[in-house]
Each structure stands twice: as structure tokens, then as C-alpha cells.
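Visitor: Below is one structure. I have some questions about it.
The values are calculated or read from the model by the stated rules, or taken from the named source; none is laboratory data. If you're wondering where the values come from, they're calculated on a predicted model, not measured in any experiment. When we count neighbours, we look across all protein chains shown, and the Cβ atoms used for this are built from the backbone with ideal geometry, even at glycine. All accessible areas refer to the heavy atoms of the entire protein, side chains included, with ligands and DNA or RNA removed. Shrake-Rupley method; radii C 1.70, N 1.55, O 1.52, S 1.80 Å.
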Amino acid sequence: MFENLQERLGAILNGLTGRGSLSEADVSAALREVRRALLEADVALEVVRSFTDRVREKAVGAEVLKSIKPGQMVVKIVHDELVEMLGAESSSVDLNAAAPVVIMMVGLQGSGKTTTTGKIALRLTNRERKKVLMASLDTRRPAAQEQLRQLGVQTGVDTLPIIAGQSPVDIAARAVQAAKLGGHDVVILDTAGRTHIDEPLMLEMAEIKRKSNPHEILLVADALTGQDAVNLARNFDDRVGITGLVLTRMDGDGRGGAALSMRAVTGKPVKLIGAGEKMTDLDEFHPRRIADRILG
Ligand code: GDP
């Protein structure tokens, strides 16, 4: 719990009340607890390091106020810094481009890409009154295209008719063409995933990007990704160039440290949060809420 870190820091620092400013040693002792909390929340090690360095800079020498306990003061510095790093402003899917606006979904297999495609399509349909077309580019997993078609039936969103034997790039081109003819405002391309990052996957993503000119490229990642989150986000961002992140399974027990890890290494905003299996289980990203959850 949030109080938990506060309590831990209180035990270390509160004896300092009324004693001038926080020394390097006081802050180091506090930061050991902060570091532990972040690692428990699955924030990647390198991000924990850069984060605690930033907090150290702000906290050392900070005056210990009479009105607030030193433990609380450090928790506030940590919390504010976390919100800042997570991105203080919330940003959602950007549709500010000529129609049809292409959104490309990328990520590993099982991350929740197809489910999130359906959720975003439904949201844009209901909230923004957009006409959306979804297309599955996953030709590797035979059931993938059918899974998206069923989500289309369930949500009432159009899906691109399945033609067997087409390559992912050809399906993408056909989807954009169909959207133009069908008067769709948005096309969402649900790409194939792999169980891990490999060269053919990255080449395929780059090729689809080149041919379909997406306005948004959203990396979908499981909130429980843990230490791998950095590698995942960095790879997809370097090779494909993502524009935002979607974190799924935030309804689970995970504390969501991956949000901080991925945001920190890519600088790209977390745009949406998946919080369940239902098509309506999609939330906006609130940095303060995630910061509370990460600090636990
Ligand atoms: P893909 O391989 O990346 O396309 O993953 P899927 O969309 O097929 O999702 C894999 C599984 O995760 C499915 O059983 C989904 O229902 C489930 N799933 C996706 N997003 C969420 C989420 O936000 N919360 C929960 N609890 N389950 C999710």
C-alpha cells in the first residue's frame, strides 16, 4: 500500500523533524526503500536507477519543514517525480490525419493485441462516432483472423473480409483501399505477434509500416511484462517507431511497473489501459493512479 512506503520512510526519516535539511545519508537510506518498492512493482532495474538518481537530486538538501514529516516529504517528491516521468498530461489515440486514419497495433503474441484492437474500435465507434474497419494481418495463426472477425460481429464494427493466402502487407493495402471505398474514418491493422522479438517479426512490421503509412503505431504490452519491458519497448521503438503504448491486464495483481519502464526508455506516452476481457474494459491512462499503484 501507498502508506506502506510512507511508513517505511517514516521509520527512517521522521526522527529528523525540525533538524534542518535532508542529508545525503538520509536520502540514500530512504532511496533504498524506494528502490525496493519499485523493484517489487516490476520496474526495470535501469529505470529504477535513473529514477532514484533524479529523486536524489531533488531530495538532498531539501529543507525539513515543520508542517510535514520528512517521510511524507520524500514520498511526495517520489510521487511527483513518478507522475512527471509517466507523463503528466494524458493523451489518447490521435486521429488528426486525413481519413482513413491508419492505426497499427504491434506487440508480442498473447499481449492482448487482438482484444485491444476490438476495444479501441468499439470506443472510436461509440465515443467519437467514427466508422471503423478492422483487419487482421496475422496469417501465421490460423484462428487469428477468425478471432478478429468474431470481435467485429460482437461489437458491430466492420472487419475486412478474409481472403486466404494473402501476405500481411497485401492485406494491409487491401484494408486501406477498402476503407477508402467504404467511407471508413479509421482502419485498425492487427499485426501478427511472436512469442519473442525476432528479426523476421521486425522486418515484417517495418514493411507493413512502409506500405500502409500508419498515423499511430501502438505497442500493446502485458502489464506483467516485468524486466523484459525495457527490451521489448526499445526494440519495437527502434525498429518500427511506435507512437504510444497500451498496457493490458491492469485488472490483474501486477503493480504496473512496466508503464514506467516503457515510458522511460521510449519517451512515448501510455495512451490506454486494458483492464479486463470485455470489449468495454478499456480505460484512459491516469498517471497519478498508476503512480499510486507502483508505489504500493
Ligand atoms: P494477442 O495474441 O496479442 O492478439 O492476444 P489476445 O487479444 O488474443 O489476448 C490474449 C488473452 O488475453 C485473451 O484471453 C484475452 O481475453 C486476454 N486479455 C486481453 N486483454 C486483457 C486485459 O486487459 N485483461 C485481462 N484480464 N485479459 C485480457
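Visitor: Could you grab me the full set of residues in segment 241-296 that are assigned to a strand (DSSP E or B) and away from the ligand (no atom under 13 Å from the Cβ)? Break it down into steps so the answer makes sense when it comes.
Guide: Of segment 241-296, the ones assigned to a strand (DSSP E or B) are 244-248, 270-274, 282-284.
G244, L245, V270, K271, E284, listed by residue number.
Visitor: Any idea which residue in segment 99-109 is nearest to R194 (Cα to Cα), counting only those that are within 15 Å of the chain's Cα centre (by Cα) and in a loop (DSSP other than H, G, I, E, B)? Reasoning before the result, please.
Guide: Here is the first cut: in segment 99-109, the ones within 15 Å of the chain's Cα centre (by Cα) are 104-108.
Filter once more, so that each one left must be in a loop (DSSP other than H, G, I, E, B): 107-108.
Numbers: G107: 8, L108: 5 Å.
Filtering segment 99-109 for residues that are within 15 Å of the chain's Cα centre (by Cα) and in a loop (DSSP other than H, G, I, E, B), the one nearest to R194 (Cα to Cα) comes out as L108.
Visitor: Run D222 past the list (1) in contact with a Lys or Arg (Cβ under 7 Å, 6 or more places away or on another chain); (2) within 16 Å of the ligand (Cβ to nearest atom); (3) free of Cβ contacts under 8 Å to residues at least 60 places away in the same chain and report the number of the one that doesn't hold.
Guide: With (1) in contact with a Lys or Arg (Cβ under 7 Å, 6 or more places away or on another chain); (2) within 16 Å of the ligand (Cβ to nearest atom); (3) free of Cβ contacts under 8 Å to residues at least 60 places away in the same chain applied to D222, the lone miss is (3).
Visitor: Could you check how many residues of segment 213-232 are open to solvent by less than 30 Å² (accessible area, probe 1.4 Å) and modelled with pLDDT of 95 or more?
Guide: If we filter segment 213-232 for residues that are open to solvent by less than 30 Å² (accessible area, probe 1.4 Å), which is where we start, we get 214, 216-221, 223, 226, 229-230, 232.
Pick out the ones that are also modelled with pLDDT of 95 or more and you get 214, 216-221.
Of the residues in that region, 7 qualify.
Visitor: Going through S50, S28, S67 one at a time, which residue ends up being open to solvent by 10 Å² or more (accessible area, probe 1.4 Å), farther than 30 Å from A143 by Cβ, at pLDDT below 85 and of a type in the set (S, T, Y)?
Guide: Values: S50 fails: at pLDDT below 85; S28 fails: at pLDDT below 85.
Unique residue meeting the criteria: S67.
Visitor: Okay, moving on. Working only within segment 139-161, note down all residues that are under 22 Å from Q109 (Cβ atoms) and without any contact (Cβ under 8 Å) to a residue 24 or more places away in the chain.
Guide: The answer is P142, A143, Q145, E146, R149, Q150.
Visitor: While we're looking at this one, here's another question. Looking only at residues that are within 16 Å of the ligand (Cβ to nearest atom) and open to solvent by 30 Å² or more (accessible area, probe 1.4 Å) in segment 85-112, which one is nearest to N213 (Cα to Cα)?
Guide: Restricting attention to segment 85-112, the residues satisfying the condition of being within 16 Å of the ligand (Cβ to nearest atom) are 103-112.
Filter once more, keeping what is open to solvent by 30 Å² or more (accessible area, probe 1.4 Å): 108-110.
Numbers: L108: 21, Q109: 23, G110: 25 Å.
By that ranking, first place goes to L108.
Visitor: Can you tell me which of I290, I208, I242, I273 is among the β-branched types (V, I, T), touching a helix residue (DSSP H, G or I) at 6+ places or on another chain (Cβ under 7 Å) and closer than 17 Å to E89 by Cβ?
Guide: Values: I208 fails: closer than 17 Å to E89 by Cβ; I242 fails: closer than 17 Å to E89 by Cβ; I273 fails: touching a helix residue (DSSP H, G or I) at 6+ places or on another chain (Cβ under 7 Å).
Exactly one residue qualifies, and that residue is I290.
Visitor: Being at positive phi and in contact with a strand residue (DSSP E or B) (Cβ under 6 Å, 6 or more places away or on another chain): is that true of G107 here? Steps first, please.
Guide: Values: at positive phi: yes; in contact with a strand residue (DSSP E or B) (Cβ under 6 Å, 6 or more places away or on another chain): yes.
Answer is yes for this residue.
Visitor: In segment 222-242, which residues are among the β-branched types (V, I, T) and closer than 18 Å to T114 by Cα? Reasoning before the result, please.
Guide: Residues of segment 222-242 among the β-branched types (V, I, T): 225, 230, 240, 242.
Correct list: T225, I242.
Visitor: Identify, please: which residue in segment 141-161 is part of a loop (DSSP other than H, G, I, E, B) and surrounded by 14 or more Cβ atoms within 10 Å (Cβ to Cβ) and is, among those, nearest to the ligand (Cβ to nearest atom)? First the steps, then the outcome.
Guide: Going through segment 141-161, the residues part of a loop (DSSP other than H, G, I, E, B) turn out to be 141, 156-157, 160-161.
Within this subset, residues satisfying the condition of being surrounded by 14 or more Cβ atoms within 10 Å (Cβ to Cβ) are 141, 157, 160.
On the way: R141: 8, V157: 15, L160: 16 Å.
Only one residue tops the list, namely R141.
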